[in-house]
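Visitor: Once you've had a glance at the structure underneath, I'll fire off some questions.
The values are calculated or read from the model by the stated rules, or taken from the named source; none is laboratory data. Model, not experiment: these values are computed from the prediction. Every residue, glycine as well, gets a Cβ built from its backbone with ideal geometry; the counts of neighbours run over all protein chains shown.
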Amino acid sequence: MSIRVTVLLLLMMFMIGISCTSSRWIVTNENKIDPSVEPTVVNVRNVLLLESEPTYTNPIITFSANQIVDKEYLQRVEMERSVQQFRPRWGFLTLGLSATAFTFIAANTTLISSTIGSNKKLMLNLAGGILGIVSVTNLKPVGEPILTGQKQLMDQSGSVVLSDTLAPGNRDIQLDVDLMISFNGDTVLAESGLQLNNNRLDVNLTPVVSLLDSEIDDDSKIELELSYNGESPVYDIYLSSFLEPRITITDPVAVLRSVPLINEFNAITEVGQGSSLRLLDEDSEWYRVQFGGSEVFVRKNSGERVWKSEESAGAINVFEFEEVPFGEIDVENSVPILKQNNPNDRAIILTNGNSVNLDPRQYLHRDHELFAFYMRSALQMNSSQITTIELDSSDEWIKEFEEFASFDSTSSLFVYLSGYAFQEGDGGLRLQNIDDETSPPILSSYIFQKFEEMNPGSLFFFSDLEFTEDENGSAQSRLGAVQVLVETANALTRRLPNSVLLFSNRPGQKSSVYASSGFQNQRHNIFNYYLADAIKRRNTRMSDIIRHLENNVDYTSRRLHDRSQDIQAFGNTTLRINN
């Protein structure tokens, strides 16, 4: 073979090795479902699937009946034809072609050896050809294989069972369903044998809330379990998904304020017991609620936080009381004159109801105004004869007592005491924010002593106190509740036998306001309203006034607030207020 032939052969080998493409079959899916073979139905079952979750406007969770069909499908190995681009491995190709050229030159020329036998020449040519072929065919793939889309299913590789969910269509699916709802691990509701209606099961979750004993918060959830046909799916439902917090007013009357601060200038309106307001936020003392289109504030002790859905709450119910100027309530007008003015008569309003750290009592100022109004109108006192003394821890009120001169035997002293008191363990009646454990009770020691020094001809003492926990925080004891009032009354009647004391309620009871949802708001405490009503009816003897209070105060408190309120009377009940 000539050198030209050798060079031409090497060049052809080189060109062949520059670029090459190849096609082959590769496995793309070892478990391809064979669509040509019909699947085998292995199981059919009826199930309930969640269709809609509860919301605030629709607190109903709905499940729809469906059929789940389990089918077994044949699987085969899927292969696809691909095309791959190759290029030479240049280093290996260069060495291989060099070796091929050398063997061809050695076999076909005399450049290497002048005496080569025919057998050696054949062997060298054969070796050169093999080296050339190996050099050219040892290629490197370029890029990813290009799939041609030509697929073919080969041998069977197995089978798979798949589930298909089907709507029932016009068929009625019959299921007996047992329902169990749990909260914090405790079962709160269990029902069995529930039937589907139009292939649906609706569960109203609103009644469940009333069965929950634990306090609800934003993270509270219930567990709903359905049991049927061996299935027992469990669903976690957050209560906040269908409930919202509201404030239900528990006080007979609550004041809504523009800012979380108590003063006479920020009161917006008054709402009655049972009013429901949407809660927006809260802190340790105040709720921020929605009233109309405004954000307002109400004291936390005026209501309680409840969770309601729109279905249970309905519209936002607010029992709003209109502002009524003093004089428009029936006991605030048309008062008879029962006595001509005695310049020596005196009336004192004592109160610790405005002290710091005490919640202002509802209609306290209006009750004071009512008492002063009857002193002026029924008993014809001048304004100078009526004094209001604020009892507080500053002791400034003591100086005001010192200014009272002695009375004569024809004079009368009328005292109205309001505010907060507590019963000490030893039975003493003490005034909140004034008394302490280390000194005798202010009322029965110092104040009664001052009354004795005034030496009135008769003393009428009217007390409307709210009894709270004692200074140590222990609850009010009902045992001996009246005895503490007896001892307090005795401390006065021993000094002034010609005196009478009236208490609006006994310790352990509440002095209620004459207002409630669905009733007219008389804007006074029940005791003060009927005290004024008795005088307006021209009752002047204390026994008659007491009888009128006994007939009406407890009855009205039970009717409006479902709680008793028993007035307590001590002393000389034969006294007349017009003497």
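Every residue, every condition in (1) of a type in the set (S, T, N, Q); (2) part of a strand (DSSP E or B); (3) under 22 Å from ASN342 (Cα atoms), yes or no:
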{"position": "TYR530", "(1), (2), (3)": "no, no, no"}
{"position": "ALA534", "(1), (2), (3)": "no, no, yes"}
{"position": "HIS548", "(1), (2), (3)": "no, no, no"}
{"position": "ASN552", "(1), (2), (3)": "yes, no, no"}
{"position": "TYR555", "(1), (2), (3)": "no, no, no"}
{"position": "ARG559", "(1), (2), (3)": "no, no, no"}
{"position": "SER564", "(1), (2), (3)": "yes, no, no"}
{"position": "ALA569", "(1), (2), (3)": "no, yes, no"}
{"position": "ASN578", "(1), (2), (3)": "yes, no, yes"}
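Visitor: On to the next question. Given (1) in a strand (DSSP E or B); (2) at pLDDT 90 or above, identify the lone condition not met by GLU452.
Guide: (1)
Here's the yes/no breakdown for (1) closer than 30 Å to THR540 by Cβ; (2) loosely packed, with under 13 Cβ neighbours inside 10 Å:
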site: SER258; (1), (2): no, no
site: ILE268; (1), (2): no, no
site: GLU323; (1), (2): no, yes
site: ASP330; (1), (2): yes, yes
site: SER334; (1), (2): yes, yes
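Visitor: Considering each of VAL306, VAL318 in turn, give the residue that is part of a strand (DSSP E or B) and aliphatic (A, V, I, L, M).
Guide: Selected residue: VAL306, the only one of VAL306, VAL318 that is part of a strand (DSSP E or B) and aliphatic (A, V, I, L, M).
Visitor: Do we have any residue at all in the stretch 468-478 that's surrounded by fewer than 17 Cβ atoms within 10 Å (Cβ to Cβ), modelled with pLDDT under 80 and over 25 Å from ASP566 (Cα atoms)?
Guide: Checking the stretch 468-478: at least one residue is surrounded by fewer than 17 Cβ atoms within 10 Å (Cβ to Cβ), modelled with pLDDT under 80 and over 25 Å from ASP566 (Cα atoms).
Visitor: Scan the stretch 435-452 and report the pairs whose first residue is surrounded by 14 or more Cβ atoms within 10 Å (Cβ to Cβ) and whose second residue is of a type in the set (Asp, Glu), with Cβ atoms within less than 7 Å and a gap of 6+ or a chain change.
Guide: If the second residue must be of a type in the set (Asp, Glu), the pairs left are PRO441/ASP435; ILE442/ASP435.
Visitor: In addition: Find the residue count for the stretch 171-182, including only residues that are under 16 Å from PRO233 (Cα atoms), modelled with pLDDT under 90 and among the hydrophobic types (A, V, I, L, M, F, W, C).
Guide: Here is the first cut: in the stretch 171-182, the residues under 16 Å from PRO233 (Cα atoms) are 175-182.
From what is left, the residues that are modelled with pLDDT under 90 are 175-176.
Adding the requirement that they be among the hydrophobic types (A, V, I, L, M, F, W, C) leaves 175.
So the answer is 1.
Visitor: Working only within the stretch 377-403, note down all residues that are surrounded by fewer than 18 Cβ atoms within 10 Å (Cβ to Cβ) and within 24 Å of ASN572 (Cα to Cα).
Guide: GLN380
Visitor: Taking ILE247, is it more than 26 Å from LEU560 (Cα to Cα) and in contact (Cβ under 8 Å) with a residue 40 or more places away in the chain?
Guide: On the way: more than 26 Å from LEU560 (Cα to Cα): no; in contact (Cβ under 8 Å) with a residue 40 or more places away in the chain: yes.
For ILE247, the condition - more than 26 Å from LEU560 (Cα to Cα) and in contact (Cβ under 8 Å) with a residue 40 or more places away in the chain - is not met.
Visitor: Okay, moving on. Within the stretch 272-295, how many residues are part of a strand (DSSP E or B), in contact with a Gly (Cβ under 9 Å, 6 or more places away or on another chain) and not aromatic (Phe, Trp, Tyr)?
Guide: Taking the stretch 272-295 and keeping what is part of a strand (DSSP E or B), we get 272, 276-282, 286-291, 294-295.
Subsequent filtering for residues that are in contact with a Gly (Cβ under 9 Å, 6 or more places away or on another chain) retains 272, 276-277, 287, 289.
Then drop every residue that is not not aromatic (Phe, Trp, Tyr), which leaves 272, 276-277, 289.
Summing the residues that are part of a strand (DSSP E or B), in contact with a Gly (Cβ under 9 Å, 6 or more places away or on another chain) and not aromatic (Phe, Trp, Tyr) in the stretch 272-295 gives 4.
Visitor: While we're on this one: Got a number for residues in the stretch 162-180 being hydrophobic (A, V, I, L, M, F, W, C) and part of a strand (DSSP E or B)? It would help to see each step written out before you state the result.
Guide: Within the stretch 162-180, the first condition is being hydrophobic (A, V, I, L, M, F, W, C), and the residues that meet it are 162, 166-167, 173, 175, 177, 179-180.
After this cut, where a residue has to be part of a strand (DSSP E or B) as well, the list is 162, 166, 177, 179-180.
Residues meeting the conditions: 5.
Visitor: So for the stretch 412-422 (the condition being modelled with pLDDT under 90 and either over 29 Å from ASP345 (Cα atoms) or part of a strand (DSSP E or B) (or both)), does at least one residue qualify? So that I can check it myself, show each step before the final result.
Guide: If we filter the stretch 412-422 for residues that are modelled with pLDDT under 90, which is where we start, we get 422.
Of the ones still in play, those that are also either over 29 Å from ASP345 (Cα atoms) or part of a strand (DSSP E or B) (or both) are 422.
Checking the stretch 412-422: at least one residue is modelled with pLDDT under 90 and either over 29 Å from ASP345 (Cα atoms) or part of a strand (DSSP E or B) (or both).
Visitor: Let me ask something additional. Name the residues in the stretch 70-88 that are surrounded by 16 or more Cβ atoms within 10 Å (Cβ to Cβ) and among the aliphatic types (A, V, I, L, M), would you?
Guide: Within the stretch 70-88, LEU74, VAL77, MET79 qualify.
Visitor: A further question on this structure: Yes or no: MET381 in contact with a helix residue (DSSP H, G or I) (Cβ under 8 Å, 6 or more places away or on another chain), more than 15 Å from ASP464 (Cα to Cα), assigned to a loop (DSSP other than H, G, I, E, B) and at pLDDT 90 or above? Lay out the reasoning, then the answer.
Guide: Working: in contact with a helix residue (DSSP H, G or I) (Cβ under 8 Å, 6 or more places away or on another chain): yes; more than 15 Å from ASP464 (Cα to Cα): yes; assigned to a loop (DSSP other than H, G, I, E, B): yes; at pLDDT 90 or above: yes.
Yes; evaluated as a whole, the condition is true for this residue.
Visitor: Answer yes if at least one residue in the stretch 420-438 is within 30 Å of PRO252 (Cβ to Cβ) and among the hydroxyl-bearing types (Ser, Thr, Tyr), and no otherwise.
Guide: Yes, the stretch 420-438 contains at least one residue that is within 30 Å of PRO252 (Cβ to Cβ) and among the hydroxyl-bearing types (Ser, Thr, Tyr).
Visitor: Just to check your reading of the model, which residue among ILE262, ILE216, ILE222, ILE237 is over 30 Å from GLU323 (Cβ atoms), touching a residue at least 24 places away in the same chain (Cβ under 8 Å) and in a loop (DSSP other than H, G, I, E, B)?
Guide: ILE216
Visitor: Report yes if some residue within the stretch 480-493 is modelled with pLDDT under 90 and part of a loop (DSSP other than H, G, I, E, B); otherwise report no.
Guide: Yes: one or more hits.
Visitor: Tell me yes or no: at least one residue of the stretch 535-556 is surrounded by fewer than 18 Cβ atoms within 10 Å (Cβ to Cβ), free of Cβ contacts under 8 Å to residues at least 60 places away in the same chain and β-branched (Val, Ile, Thr).
Guide: Looking for residues that are surrounded by fewer than 18 Cβ atoms within 10 Å (Cβ to Cβ), free of Cβ contacts under 8 Å to residues at least 60 places away in the same chain and β-branched (Val, Ile, Thr), one finds none in the stretch 535-556, hence no.
Visitor: Pairs under 9 Å by beta carbon, first residue among the β-branched types (Val, Ile, Thr) in the stretch 494-512, partner surrounded by fewer than 22 Cβ atoms within 10 Å (Cβ to Cβ) and in a loop (DSSP other than H, G, I, E, B), six or more apart or different chains?
Guide: Final answer for the pair search is VAL500/ASN572; VAL500/THR573; VAL500/THR574; VAL500/LEU575.
Visitor: Output the residue which, of all residues in the stretch 207-221 that are within 11 Å of SER240 (Cβ to Cβ) and either touching a helix residue (DSSP H, G or I) at 6+ places or on another chain (Cβ under 6 Å) or not charged (D, E, K, R) (or both), is modelled with the highest pLDDT.
Guide: SER220
Visitor: Now, a different point. Has the stretch 140-161 got at least one residue that is more than 31 Å from the chain's Cα centre (by Cα), of a type in the set (S, T, N, Q), outside any loop (DSSP other than H, G, I, E, B) and surrounded by 13 or more Cβ atoms within 10 Å (Cβ to Cβ)? Outline the logic, then answer.
Guide: Our first condition is that a residue be more than 31 Å from the chain's Cα centre (by Cα); within the stretch 140-161, this holds for 140-161.
Still in the list and also of a type in the set (S, T, N, Q): 148, 150, 152, 156-157, 159.
If we keep only those that are outside any loop (DSSP other than H, G, I, E, B) too, we end up with 148, 150, 152, 156-157, 159.
Going one step further and asking which of them are surrounded by 13 or more Cβ atoms within 10 Å (Cβ to Cβ), we end up with 157, 159.
Yes - at least one qualifying residue is present in the stretch 140-161.
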